[in-house]
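The values are calculated or read from the model by the stated rules, or taken from the named source; none is laboratory data. Fair warning: this is a prediction, and the values are worked out from it, not measured in the lab. Positions of Cβ are generated from backbone atoms using ideal geometry, with glycine treated the same way; all protein chains shown enter the neighbour counts.
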Amino acid sequence: MHYIVVVPRRTPARLLLPRACACLILSICCGVASMGQKTSESTIAIGAHGVRATHILGFVGARKKANGVLSIQAHTLQFQSSEKPAAAVKIASVQDVVVGEMSTQVGGLPMTMSKAAVPYGGGRVLSLFAHKKFDSLAVRYVDADGGIHGAIFQLHKGEGELLRRELVAKGVRVSQTETGAARGPAEVTRESK
């Protein structure tokens, strides 16, 4: 009798390397995607101590790009940096508050290198997940001498709207801007009878 012996084949090492690279790229994508997820409003609350913020520019007495705490204390909007004394503005002098969104790319040099290493334009897909979103809070206020000033702060996603609502509750007037095109007078359509 003739017996056929079947020997199990081993996967060559040259085939394991692309699979290992694919697993590595997949794990990087999942890690970056988890960093860029949105924070829900239910987990964010503005306490008596305020919210962590970065002062971009414009607040009198605060250094540019300074990290600190933005809070509402009694009748003042206050920014406290660890380096300087607190800068404060009376809430009654605030004329307008605008909340916007910003996005920055995270990952630095390692992310840039991994995007360059991914073949067939896959680095562009990584760029989709490598962004972190922030809120920007712009405040227009009048100083004691009657000069108009503006300040811009960078906050975590969702905190800008909550801070704006709290300022409105304290009596700050917010200008209502329409997001669509300016609407003209209503058009009259003619019907033929």
Test set (1) at pLDDT below 85; (2) outside any helix (DSSP H, G or I); (3) not charged (D, E, K, R) - V125 fails condition number: (2)
Residue identified as modelled with pLDDT under 90, over 20 Å from the mean Cα position of the chain (by Cα), closer than 20 Å to H156 by Cβ and surrounded by 13 or more Cβ atoms within 10 Å (Cβ to Cβ) among A87, A62, A48: A62
Subset of the stretch 154-193 that is among the hydrophobic types (A, V, I, L, M, F, W, C) and in a loop (DSSP other than H, G, I, E, B) - its residue that is modelled with the highest pLDDT: V172
Checking L17 against (1) modelled with pLDDT of 70 or more; (2) farther than 22 Å from G171 by Cα, the condition it does not meet: (1)
Selection from the stretch 80-97 of residues that are of a type in the set (G, A, S), over 12 Å from V60 (Cα atoms) and assigned to a strand (DSSP E or B): S81
